[in-house]
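Below is one structure, written out as structure tokens, with a few remarks after it.
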């Protein structure tokens, strides 16, 4: 264990993709906890597409990270000092937020993991925020019924992979959209989707139609742009569209127009957005349900693990440019 | 009572607005009912924006009217001959469908009106399809709560006027959008909305913001286009958008792009389409609830009444171009 804390602070808001001037790595002493606080040594840091939204003064659902602040991001780690009776040294916890090797957190912000634990990194992915996002979306918005067709963009990603496996367990035909033959093969062979469409197809609308001969009842939107347009063209009557993210435009300086919404009336479509932090109670619910599936190997996940706190900015660029494969995490110990 | 039946049949699909070549008025003998059929003398014919969609081979939620077929449209009338035990001469019924003075209908397609009746034309408007549409939309999608702000486009129209009055009864701040000072005055003074914005305002987004200082929780979409864009810009977190119609583009030969949907994620907006015929059971429910309000004058409605079957095509053009005021009906007797 080092006795210094390293942390990435925001130096300036990026235009387009984050670059070498966006963050600065600083080193300081590990702080001691104040009353009601807990200090963690973070084992893994989660890197997720939503982070691009925090690097902008554009009004969004959560406050921007301020210049000079530590960049936000969820971690899993162990308690190394506690000034709160609910936590002891050695406890494994999630909830500390920051691109940093050590965090000082309010005890109320942390969740202690107990029982037989899955690999720690999974609490940031399949059992963490991305997994809970997919669970919430499928439970409250998509509500897929057996025999329906579910189409999932960014299907090899941390959220899409979970959403698709949930839909398979619900008895649906599940079709993914992913970038390139390697990801498509993974989606079909490893994740067990019924089909996967490469979003680089010449005629994506037709390719989706081929893979979804009965049309699309639930579309899980992670991407936006041309993928969205092609997916929307294949929606069935009474389709549900889960608006989870539009990573294709997170670096855009000007937003392109979207679809004419006439079809929403004619087909009685529901298009609904969600953000996982509206349902904090779903974290425990999902962990309890899915941890056994992760432990027995029946639920598949893949991670890209970058090594060391210094790699965090590069990991974010990877997530935003589609270069990663599965859930992106940074290993800190 | 004439002893001839007059009916408008479709001669050719219009490009853009229907014109003098779209329909043809034909005259024939009044048919006798077959077994299980009922013949009605229609008193009023309803003219509604959805009819434009039937005059197109573009795929939609209901079949197109075919060349040579009688144009579709709901009527209210009286039974003049019946070959079904459930109906007798003199019964007042809704459900016969056609731009025609007399209709032959299956008994199952008709609903007998009983009890103390409101004026017959209201069963095509405030108590008919447009009223039920607004009721369904507010009950199942908008679900406005007391204190919320509800914004309604085409507010002086048959659907908007009902939707707004339902929202007022729910304790909401209700703001209309209408075209021109006369309609706006009517919406505010007669219908009792809290405010009304002229969609011809220089900066419609700002005008809506002024009228909705706490933002928009429920937006009732009847229009599309620039009105939609301005309304969407004012949506609150967790807003519900009722996609009922987009009359601004019903004559468009090419659909314009729509809004970038990024805000749906960030604001957790729900955008949902509806078509009234998915909930046939709501007709009786709404008539029972609202007929007393119509009879006691507490529920306001306005009609444009055109005289005689020959005026039906002109009435449709009026509805599609915003020239009418309130519910458009054609008086047939």
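The values are calculated or read from the model by the stated rules, or taken from the named source; none is laboratory data. Predicted, not measured: the structure shown is a model, and the values here were computed from it. Positions of Cβ are backbone-derived with ideal geometry, glycine not excepted, and every protein chain shown enters the neighbour counts.
Each residue in the range B:8-38 was checked for being part of a loop (DSSP other than H, G, I, E, B) and under 24 Å from residue B:316 (Cβ atoms), and 12 of them qualify. Scanning for something in a helix (DSSP H, G or I) and over 19 Å from the mean Cα position of the chain (by Cα), does the range B:159-177 turn up at least one residue? The answer is yes, given that some residue of the range B:159-177 is in a helix (DSSP H, G or I) and over 19 Å from the mean Cα position of the chain (by Cα).
In this structure, does residue A:81 turn out to be touching a helix residue (DSSP H, G or I) at 6+ places or on another chain (Cβ under 9 Å) and either part of a strand (DSSP E or B) or not assigned by TED's automatic domain parsing to the domain that holds residue A:48 (or both)? Here the answer is no, as residue A:81 does not meet what is asked. Within the range A:273-290, is even one residue within 17 Å of the chain's Cα centre (by Cα), closer than 24 Å to residue A:168 by Cα and in a strand (DSSP E or B)? For the range A:273-290, residues within 17 Å of the chain's Cα centre (by Cα), closer than 24 Å to residue A:168 by Cα and in a strand (DSSP E or B): present. Taking (1) within 21 Å of residue A:249 (Cα to Cα); (2) in a loop (DSSP other than H, G, I, E, B); (3) at pLDDT below 95 in turn, residue A:53 satisfies each apart from (2).
Taking the range A:319-333 as the range and being in contact (Cβ under 8 Å) with a residue 40 or more places away in the chain and surrounded by fewer than 18 Cβ atoms within 10 Å (Cβ to Cβ) as the test, the residues that pass are A:321, A:325, A:331, A:333. Selection of the range B:99-113 for residues being crowded, with 24+ Cβ neighbours inside 10 Å and closer than 21 Å to residue B:64 by Cβ yields B:99, B:100, B:103. Take the conditions (1) crowded, with 24+ Cβ neighbours inside 10 Å; (2) outside any loop (DSSP other than H, G, I, E, B); residue A:183 misses just one of them, which is (1).
A quick yes/no check of all residues on (1) closer than 20 Å to residue B:165 by Cβ; (2) crowded, with 22+ Cβ neighbours inside 10 Å; (3) facing another protein chain (nearest Cβ under 10 Å):
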| position | (1), (2), (3) |
| --- | --- |
| B:232 | no, yes, yes |
| B:237 | no, no, yes |
| B:252 | no, no, yes |
| B:260 | no, no, yes |
| B:271 | no, yes, yes |
| B:280 | no, no, no |
| B:283 | yes, yes, no |
| B:302 | yes, no, no |
| B:314 | no, no, no |
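Mind listing whichever residues of the range B:203-226 are more than 11 Å from chain A (Cβ to nearest Cβ), modelled with pLDDT of 95 or more and closer than 14 Å to residue B:153 by Cβ? Across the range B:203-226, the qualifying residues are B:204, B:205, B:207, B:208, B:211, B:212, B:216, B:218, B:219, B:220.
Taken over the range B:317-333, residues that are assigned to a helix (DSSP H, G or I) and over 12 Å from the mean Cα position of the chain (by Cα) amount to 3.
Kindly indicate whether residue A:267 is within 10 Å of another protein chain (Cβ to nearest Cβ) and over 23 Å from the mean Cα position of the chain (by Cα). Answer is yes for this residue.
So which residues in the range A:239-250 are touching a strand residue (DSSP E or B) at 6+ places or on another chain (Cβ under 9 Å) and more than 9 Å from chain B (Cβ to nearest Cβ), if there are any at all? Scanning the range A:239-250 gives A:239, A:240, A:242.
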